[in-house]
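Everything below concerns the one structure shown next.
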Amino acid sequence: MPIRSVKFILPALTEATSPYWRPIKYSLFPPLGLATLAAYLDPDLEITLQDEHVEKLELEDRPDLVIIQVYITNAYRAYQLADYYRARGSYVALGGLHVTALPDEAALHADTIFLGPGEHTFPQFIRDLASGAPKGRYESSVRTLESLPPIRRDLIQRRRYLVPNSIVVSRGCPHHCTFCYKDGFFQGGRSFYTQRVDDALAEIERLPGRHLYFLDDHLLGDVRFARALFQGMKGMGRVFQAAATVDSILRDDLIEAAAAAGMRSLFVGFETLSNDSLAGAGKRQNLGRNYREVVRRLDSLGIMINGSFVFGLDGDDRDVFRRTVDWAVEAGITTATFHILTPYPGTQLFSEMESRNRIATRNWDLYDTRHVIYQPSCMSPEELKRGYDWAYEEFYRWSNIFRGSAAHESVKHQLKHFSYSAGWKKFERAWDCVIRLKQLTQLRPVLEAVLSPVEPQKGTEKSRHKQAQNQNLIVPNPSL
Ligand code: B12
Ligand code: SF4
């Protein structure tokens with residue numbers, strides 16, 4: 001069939017109408033996955049990319065081809081849009097994490113579905129479509145990020161996002177936590193691979209401004225790659241945020257190299273303070289690690305911490321909430337992301353829970369890590385939900401923001417902790433107002449100016465790293 005117009009859609013989760021909806025959280029990052037796929041199309045086609053999290057969808061159009069990305073919590077909305085466009089005569093393709101986990105469910109709403117990452121299957125599909133023989137289902141098995149065409153960032157409306165410079169230079173992760181989407185999504189091929197360092201550096205060079213946010217699951221996962229990347233970034237004058245595991249922070253001096261390249265904040269999956277729970281979740285890389293030492297090391301390099309914690313792991317009792325919050329505040333974790341354990345379809349955790357009849361609902365809207373959708377082992381679902389709500393409230397209480405800030409030695413770090421944590425959680429109305437006025441772009445340099453530079457703590461071996469004196473622009477992690 002002749003294709004002249006293509007529309008890419010990232011549907012918004014139904015949560016957009018709930019009291020939990022935080023516009024700023026969904027105005028952080030543009031739809032990078034879809035912009036990556038768009039790069040495989042003939043640039044002369046009429047191509048549009050719409051992100052329902054930040055704009056109202058144009059629904060009067062009749063594109064020849066509609067590409068929709070499906071996460072678990074936007075699945076129902078994605079299916080609704082797919083049905084709508086099919087009824088209008090468009091050819092509809094669905095892909096993403098939820099389609100990979102539950103292909104038969106998604107297939108009811110699509111002409112073609114895609115399992116796994118799209119870098120190899122999508123161009124194959126485009127060729128098949130052009131020759132008039134598209135398949136109903138494509139499964140990714142070839143896994144490489146070599147020779148990727150440059151991401152179609154021109155399709156992204158940068159002014160609508162606080163962090164238009166999000167970037168991923170790898171896919172997947174070397175670890176195998178039982179609750180993570182990763183093993184299911186990357187089934188049938190490699191589950192951790194990186195770009196070539198030169199290509200990653202070229203992509204960074206293409207991004208304007210100073211600030212970057214690496215959305216990689218584990219930026220330090222491939223030591224050789226990460227070291228070469230940081231070496232190449234030295235002197236670029238970038239400041240960046242990323243995610244990495246506990247063990248990679250304690251291992252050798254890679255984290256120092258990251259700081260020297262401009263790392264200013266790190267998302268760290270602490271998950272739980274209990275070794276038994278870590279073992280139960282297959283989180284071996286955290287087992288027996290000294291979390292205090294992780295905090296001390298990052299602190300000494302002027303790197304702020306976004307700590308991730310999961311409640312409801314088997315063995316967690318009613319005290320887990322207070323224990324975790326007390327620890328996070330005392331340690332001086334800048335922001336904390338709390339999750340209610342959520343068994344996503346396609347994960348080992350989901351299969352285990354399902355076989356024991358512990359899954360309480362299959363309403364995907366509720367699989368947002370804020371609802372209890374399974375039977376916990378040592379408390380009731382209501383206690384788990386109450387404890388989770390309490391933990392957020394308690395951690396972001398003014399008194400605890402003060403206490404957490406005071407945990408740092410340097411006054412500048414204390415101030416930065418305070419403004420970052422308070423700015424993210426205590427000024428919701430101001431964020432909403434800026435988004436409504438479409439002024440997020442204006443706020444970026446303001447934030448850069450407000451957040452003061454942090455010097456490494458004196459007397460530590462890291463004080464050599466003057467790079468921490470660079471100005472910072474720090475935004476929260478997506479899961480917050
Ligand atoms: C950035 C991010 C967000 C951002 C923005 C998303 C965006 N604009 O794209 C925001 C803040 C909105 C967000 C919110 C949430 N997120 Co989020 N997020 C991410 C994160 C960190 C990166 C996504 C990314 O850009 N990846 C890089 C790009 C290149 O990959 P990609 O988007 O997956 O696209 C590729 C493939 O999926 C595939 N593909 C995708 N669509 C299609 C379509 C077709 C036709 C084809 C061929 C291929 C294809 O090809 C692409 C190229 O390889 C991921 C973790 C991760 N590593 O993916 C979590 C992740 C996707 N989020 C997750 C969750 C749970 C959430 C929340 C529910 C959290 C919460 N408590 O609120 C919300 C709800 C989101 C929603 N809309 O429903 C889970 C999803 C679990 C699941 N099974 O669906 C993840 C995997 C995190 C995790 N480890 O658990 N998130
Ligand atoms: S370390 Fe993080 S990204 Fe890697 S498997 Fe575990 S939860 Fe997933």
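Just a few scattered comments:
- Summed over the residues of the stretch 94-191 and divided among them, the accessible surface reaches 41 Å² per residue at a probe radius of 1.4 Å.
- At 0.890 mPa s and 25 °C, Stokes D of the stretch 256-359 from Kirkwood alpha-carbon radius, µm² per second: 163
- Amide H contacts for residue 211 (H built 1.01 Å from N in the peptide plane; partners 5 or more residues away or on another chain; cut-off under 5 Å): 239.
- For the chain, 173, 378, 433 have no disulfide-compatible partner, since no other Cys C-beta lies under 4.7 Å from theirs.
- Within the chain: Cβ-based charge dipole about Cα centre, in debye rounded to nearest 20 (Lys, Arg +1; Asp, Glu -1): 1200
- Table column - 3J(HN,Hα) (Hz), the stretch 60-76, Karplus curve with 6.51, -1.76, 1.60, x for Gly and Pro: 8, 7, 9, x, 5, 10, 10, 10, 10, 9, 10, 9, 5, 7, 10, 4, 5
- Heavy-atom accessible surface of the chain: percent carbon and sulfur, 1.4 Å: 52
- Mean-position separation - Cα centroids, the stretch 18-71 and the stretch 334-413, in angstrom: 29
- Restricting the stretch 76-169 to trypsin sites (Lys or Arg not before Pro) that sit in a DSSP loop and have at most 16 other Cβ atoms within 10 Å of their own Cβ leaves 88, 135.
- Computed over protein heavy atoms with a 1.4 Å probe, the accessible surface of the stretch 333-396 works out to 40 Å² per residue.
- Calculated from backbone phi, Karplus (6.51, -1.76, 1.60) coupling profile of the stretch 293-310 in Hz, x at Gly/Pro: 5, 4, 5, 4, 5, 5, 4, 5, 9, x, 9, 6, 10, 9, x, 9, 9, 10
- Amide H contacts of residue 374: 360, each under 5 Å away and 5 or more positions distant or on a separate chain (H built 1.01 Å from N in the peptide plane; Pro and chain starts excluded).
- Based on protein heavy atoms only, the stretch 196-247 ends up with 38 Å² per residue of surface accessible to a 1.4 Å probe.
- Cross-link pairs exceeding 26 Å in C-alpha to C-alpha distance, out of 283/416; 25/385; 234/412; 56/416; 25/182; 25/416, comprise 283/416; 56/416.
- Calculated from backbone phi, Karplus (6.51, -1.76, 1.60) coupling profile of the stretch 254-265 in Hz, x at Gly/Pro: 5, 5, 5, 5, 5, 4, 5, 7, x, 5, 10, 7
- Cut-off under 5 Å, modelled amide H: who pairs with residue 92 long-range: 66, 111, 112
- Other residues whose C-beta falls under 12 angstrom from the C-beta of residue 291 contribute a net charge of 0, scoring Lys and Arg +1 and Asp and Glu -1.
The values are calculated or read from the model by the stated rules, or taken from the named source; none is laboratory data. Since we're looking at a predicted model, the values are computed, not measured. Methodologically, a virtual Cβ is constructed for each residue, glycine included, from the backbone with ideal geometry; neighbour enumeration extends over all protein chains shown. The area values use the complete protein model at the heavy-atom level, side chains included, leaving out ligands, DNA and RNA. Shrake-Rupley method; radii C 1.70, N 1.55, O 1.52, S 1.80 Å.
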